[in-house]
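> If you scroll down you'll find the structure; I have some questions about it.
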Amino acid sequence: MIYILNDAAGSSSITLKGDLHKYLIKVRRHNVGDTIFMRTKSDINTLHRYEITAIGGRDVDVTLLSSSIQELKSKKSLHIGWCIVDNKSIEKVLPSLNEIGVDKISFIHCDRSQKNFKLDFKRFQRILEASMQQCGRSSYMELDTYKSIQDFINDFPQTKVFDFCDKTLDDFSEIDTVLIGCEGGFSKDEKEFLTSQDVFRLNTPMILRSESAVMAIASKILL
């Protein structure tokens with residue numbers, strides 16, 4: 001863990017208990033004199049450096065050494081329009097998308113999205129915060145929803161579209177917004193609507209699952 005999200009970060013001294021005590025002492029095996037880092041959700045860009053000053057059976061006392069603005073985020077920006085798939089599929093790749101620097105995901109209701117899928121944004125947020133603490137990222141990924149592909153394209157007309165076609169891309173550097181379909185791809189009506197967009201595929205003969213496509217494309221653009 002690179003830092004700890006703690007609402008009390010910035011205070012001159014803090015006593016850490018419960019799971020944090022167990023993690024720091026039994027998992028990470030920290031000792032008195034070791035340094036740990038914290039951020040707050042409300043001021044995520046400020047990094048607070050603490051020294052462990054005392055270790056008890058159930059708590060750890062830490063003292064503030066310094067606070068400074070230290071942003072850690074991707075050098076490039078990427079907004080993914082992702083047609084809605086099962087929450088379990090999203091949760092598998094969400095930490096990795098966060099780690100490689102995706103700025104925003106818009107989940108889109110499309111013709112082939114199953115209607116019983118209900119997005120759990122609270123759980124997504126907890127997953128993202130755990131990922132942020134592990135990788136060091138200091139910016140929150142934005143999450144929102146769109147009722148249709150048409151609405152998304154109207155708001156982001158520069159969107160590139162990943163689909164099965166003849167065109168492969170060698171240069172991903174200019175892509176800042178990309179649309180990726182759900183399992184089964186786009187419907188006939190959606191494909192017709194998207195003919196005015198720049199459509200591409202990856203250079204592979206394999207059929208990718210939606211979450212595999214999201215990871216592959218995000219990696220090519222951001223890494």
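> Compute a Gaussian network model of the chain, connecting alpha carbons closer than 10 Å, and tell me which residue from ALA213, ALA54, ALA130 fluctuates the most.
Looking only at ALA213, ALA54, ALA130, the biggest GNM fluctuation is shown by ALA54.
> Now for a separate question. About its Cα centre, what dipole magnitude does the range 79-222 give when the only charges are +1 on Lys and Arg Cβ and -1 on Asp and Glu Cβ, stated in debye to the nearest 20? Mind showing how you got there, number by number?
Working: 18 positive and 23 negative charges, 115 e Å.
Approximately 560 debye in magnitude.
> Can you work out the FRET efficiency for the pair ASP155 and GLN70, with r the C-beta to C-beta distance and R0 = 35 Å, to the nearest 0.05?
Working: r = 33 Å, r/R0 = 0.93.
In this case the efficiency is close to 0.60.
> Which of the listed residues, ILE52, LEU5, VAL27, is farthest toward the dipole's positive end in the range 1-58, when Lys, Arg count +1 and Asp, Glu count -1 at the beta-carbon?
About the Cα centre, the residue reaching furthest to the positive side is VAL27.
> Hey, fewest Cβ within 10 Å first, where do ILE25, ILE55, ILE69 land in order?
Ranking ILE25, ILE55, ILE69 by Cβ neighbours within 10 Å, fewest first, gives ILE69, ILE55, ILE25.
> Moving on. Using only Cα atoms, locate the centre of the range 64-107 and the centre of the range 4-34, then give the distance between them in Å, rounded to an integer.
25 Å
> Once the Cα gyration tensor of the range 4-69 is found, what semi-axes does its equivalent ellipsoid get, as square roots of 5 times the eigenvalues, in whole Å, sorted largest first?
With the √(5λ) rule applied to the range 4-69, the semi-axes are 19, 12, 10 Å.
> Could you put MET141, MET1, MET132 in order, starting from the residue whose Cβ has the fewest other Cβ atoms within 10 Å?
Result, fewest neighbours first: MET1, MET141, MET132.
> Something else now. Place the peptides 29-36, 174-181, 72-79 in order of packing, highest mean first, counting for every residue the other Cβ atoms within 10 Å and averaging per peptide.
174-181, 72-79, 29-36
> Return the aspartates and glutamates within reach of LYS104: Cα separation strictly under 12 angstrom, same-chain partners fewer than 8 residues apart disregarded; answer none if there are no such residues.
GLU142, ASP144, ASP176
> Among SER68, SER212, SER113, which one moves the most in a GNM of the chain with springs linking Cα atoms closer than 10 Å?
Highest fluctuation of the listed residues: SER68.
> For LYS41, list the lysines whose Cα falls under 16 Å from its own Cα; do not include residues on the same chain fewer than 8 positions away.
Cross-link targets: LYS73, LYS122.
> Can you list the residues, at least 5 places off or on another chain, whose amide H is less than 5 Å from the amide H of HIS30, using H built in the peptide plane?
So HIS30 has HN proximity to ILE25.
> Based on Cα coordinates alone, diagonalise the gyration tensor for the chain, multiply each eigenvalue by 5, take square roots, and list the semi-axes in whole Å, largest first.
For the chain, the semi-axes come out at 41, 17, 15 Å.
> Further, regarding this structure: Just to be sure I understand: of the beta bridges DSSP finds with both ends in the chain, what percent are antiparallel, rounded to 5? Walk me through the intermediate numbers first.
Numbers: 18 of 41 bridges.
Counting only bridges with both partners in the chain, antiparallel ones make up about 45 percent.
> Okay, moving on. Give me the extension gain from CYS165 to CYS135: residue separation times 0.36 nm, minus the current Cα-Cα distance, reported in nm with one decimal.
7.3 nm
> No solvent, one uniform scatterer per C-alpha: report log10 I(q)/I(0) for the range 93-150 via the Debye equation at q = 0.15, 0.16, 0.21 1/Å, two decimals.
One equal scatterer on each Cα of the range 93-150 leads to -0.49, -0.54, -0.82.
> Calculate the spin-label point distance for LYS188 paired with ILE207, positioning each point 7 Å from the Cα along the beta-carbon direction, and give it in nanometres.
1.9 nm
> Expressed in nm to one decimal, what extension gain is obtained for the pair ASN45 and ASN31 from 0.36 nm per residue of sequence separation less their Cα-Cα distance?
2.4 nm
> Among LYS92, LYS115, which comes first, then next, by fewest other beta-carbon atoms within 10 Å?
If I rank by nearby Cβ atoms, fewest first, I get LYS115, LYS92.
> Another question, then. Using θ = phi - 60° and the Karplus curve 6.51 cos²θ - 1.76 cosθ + 1.60, what whole-Hz ³J(HN,Hα) does each residue of the range 29-46 get, with Gly and Pro shown as x?
For the range 29-46, the Karplus-derived couplings read 6, 6, 10, 4, x, 6, 9, 10, 10, 9, 9, 10, 5, 6, 9, 5, 7, 8 Hz, x marking Gly and Pro.
> Could I ask something else about it? Please go through the range 117-223 and write out the chymotrypsin sites (Phe, Trp or Tyr not before Pro) that DSSP classes as loop and that have at most 14 other C-beta atoms within 10 Å.
PHE164
Throughout, read-outs are computed from the coordinates displayed, never taken from laboratory work. Values in this document were obtained by computation on a predicted structure and should not be read as measured data. Positions of Cβ are backbone-derived with ideal geometry, glycine not excepted, and every protein chain shown enters the neighbour counts.
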